[in-house]
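Notes to accompany the following structure.
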Amino acid sequence: APAASSLSVSDLHAWYGESHVLHGMAFEVPKGQVVTLLGRNGAGKTTTLRSIMGVMNKRKGSIRFEGRETIKLPSRAIARAGIGYCPEERGIFASLSVEENLMLPPVVRPGGMSRDTIFELFPNLKERLSSGGTKMSGGEQQMLAIARILRSGASLLLLDEPTEGLAPVIVQQIGRTISRLKAEGYTIVLVEQNFRFAATLADRHYVVEGGRVVDTFLNADLQSNIDKLHAYLGV
Ligand code: ATP
């Protein structure tokens, strides 16, 4: 039998004001797996993560997390249920130090990752405990953003383009972190433009176009479908 889905999205619609941008999004994320949402700019990937996190005012359809319907829950309740969102702009408090950022996770659940484990995972954050968010490099800011949601005790991580704008060596570091989180049993939805990076981590890829999933590939089948994928992504 297939592993139980940790997250199951079906017939999801979402709007910005009158503008209808998700048109029946649907995908599954089995517990402990990493899936990516791939697609061109404006396809609806960020809006999908925002809908799962409950920050789209107008949304309908079904989003089940660990079997429980969350489509009508407010975002705090969704966070309390164990979902953590790292937005593309990272959402850390630039005027606060690393220490202060870690003390201000959106929600803390029992089982939130301990400070010791966080610093073991991100040794460079420990060295910068007292420095302010803006003085950190892009990579450090990204690590701090991930650390904050781990601190909150989320078990499903929604990561929006975590590697965007980062140097290759930092991209590798983020990749190792994501692999380790996967090995520890976290379930991860990754929005990525860089599918070469995504291919090293993901179990399955969903191609998003016009606010819905138009194709899906197992990671193992990615190479044999590379021309198709290039066509979808316009690369
Ligand atoms: P990107 O990589 O550019 O973020 P994406 O696949 O994440 O692409 P979304 O950001 O989800 O796409 O955008 C989906 C659609 O919603 C696009 O047509 C976009 O122009 C529109 N949109 C995004 N944010 C807003 C907003 N705040 N108000 C109105 N429309 C928006």
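The values are calculated or read from the model by the stated rules, or taken from the named source; none is laboratory data. Keep in mind the model is a prediction, meaning the values are calculated, not measured. Backbone-built Cβ (ideal geometry, glycine too); neighbour counts: all protein chains shown. We work out accessible area using only protein heavy atoms, side chains counted, and drop any ligands, DNA or RNA first. Shrake-Rupley method; radii C 1.70, N 1.55, O 1.52, S 1.80 Å.
Listed here are the residues, each with its yes/no results for (1) among the polar types (S, T, N, Q); (2) within 15 Å of the chain's Cα centre (by Cα); (3) away from the ligand (no atom under 15 Å from the Cβ).
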residue: LEU38; (1), (2), (3): no, yes, no
residue: LEU49; (1), (2), (3): no, yes, no
residue: SER62; (1), (2), (3): yes, no, yes
residue: LYS72; (1), (2), (3): no, no, yes
residue: GLU88; (1), (2), (3): no, yes, no
residue: LEU96; (1), (2), (3): no, no, yes
**OP:** Would you be able to tell me the number of residues in region 201-218 that are surrounded by 18 or more Cβ atoms within 10 Å (Cβ to Cβ) and either out of contact with any strand residue (DSSP E or B) (no Cβ under 6 Å at 6 or more places or on another chain) or under 27 Å from TRP15 (Cα atoms) (or both)?
**Re:** 8
Original post:
Do you know which residues across region 150-180 are within 26 Å of SER8 (Cβ to Cβ), outside any helix (DSSP H, G or I) and away from the ligand (no atom under 16 Å from the Cβ)?
Top reply: SER152, GLY153, ALA154, SER155, LEU156, LEU157
Original post:
Of (1) open to solvent by 40 Å² or more (accessible area, probe 1.4 Å); (2) within 15 Å of the ligand (Cβ to nearest atom); (3) on the phi < 0 side of the Ramachandran plot, GLY42 satisfies all except one. Which?
Top reply: (3)
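Among the listed residues LEU129, LEU102, identify the single one that is touching a helix residue (DSSP H, G or I) at 6+ places or on another chain (Cβ under 6 Å) and open to solvent by less than 30 Å² (accessible area, probe 1.4 Å). Let's see the steps before the verdict.
Details: LEU129 fails: open to solvent by less than 30 Å² (accessible area, probe 1.4 Å).
On inspection, the qualifying residue turns out to be LEU102.
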**OP:** Kindly indicate whether any position in region 181-188 is assigned to a helix (DSSP H, G or I) and under 27 Å from LEU12 (Cβ atoms).
**Re:** yes
Original post:
Applying the selection to region 16-33, what residues are surrounded by 15 or more Cβ atoms within 10 Å (Cβ to Cβ) and within 9 Å of the ligand (Cβ to nearest atom)?
Top reply: VAL21, LEU22
Original post:
Looking only at strands (runs of 3 or more DSSP E) that fall completely inside region 1-66, which ones have 2 or more residues that are farther than 17 Å from THR187 by Cβ?
Top reply: 5-16, 19-30, 58-65
**OP:** List every residue pair whose Cβ atoms lie under 7 Å apart, where the two residues are 6 or more positions apart in sequence or sit on different chains, the first residue falls within region 168-193 and is over 25 Å from ILE52 (Cα atoms), and the second residue, located anywhere, is at pLDDT 90 or above.
**Re:** VAL171/THR163
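Among the candidates VAL235, VAL171, which residue alone is open to solvent by 30 Å² or more (accessible area, probe 1.4 Å) and over 25 Å from VAL108 (Cα atoms)?
Details: VAL171 fails: open to solvent by 30 Å² or more (accessible area, probe 1.4 Å).
Answer to the check: VAL235.
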**OP:** Taking GLU66 as the residue in question, decide whether it is away from the ligand (no atom under 16 Å from the Cβ), free of Cβ contacts under 8 Å to residues at least 40 places away in the same chain, more than 26 Å from LEU125 (Cα to Cα) and open to solvent by 30 Å² or more (accessible area, probe 1.4 Å).
**Re:** no
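Can you find a residue in region 202-223 that is under 14 Å from PRO162 (Cβ atoms), outside any helix (DSSP H, G or I), in contact with a Lys or Arg (Cβ under 7 Å, 6 or more places away or on another chain) and of a type in the set (A, V, I, L, M, F, W, C)?
Just the residues of region 202-223 that are under 14 Å from PRO162 (Cβ atoms), to begin with: 202.
Next, from what is left, pick out any that are outside any helix (DSSP H, G or I): 202.
This time we only want the ones that are in contact with a Lys or Arg (Cβ under 7 Å, 6 or more places away or on another chain), so: none.
Looking for residues that are under 14 Å from PRO162 (Cβ atoms), outside any helix (DSSP H, G or I), in contact with a Lys or Arg (Cβ under 7 Å, 6 or more places away or on another chain) and of a type in the set (A, V, I, L, M, F, W, C), one finds none in region 202-223, hence no.
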Subject >> So LEU150, is it within 25 Å of ARG40 (Cα to Cα) and of a type in the set (A, V, I, L, M, F, W, C) >> reply: no
Original post:
Since VAL108 meets every condition but one in (1) open to solvent by less than 70 Å² (accessible area, probe 1.4 Å); (2) assigned to a loop (DSSP other than H, G, I, E, B); (3) under 27 Å from VAL29 (Cα atoms), which condition does it not meet?
Top reply: (1)
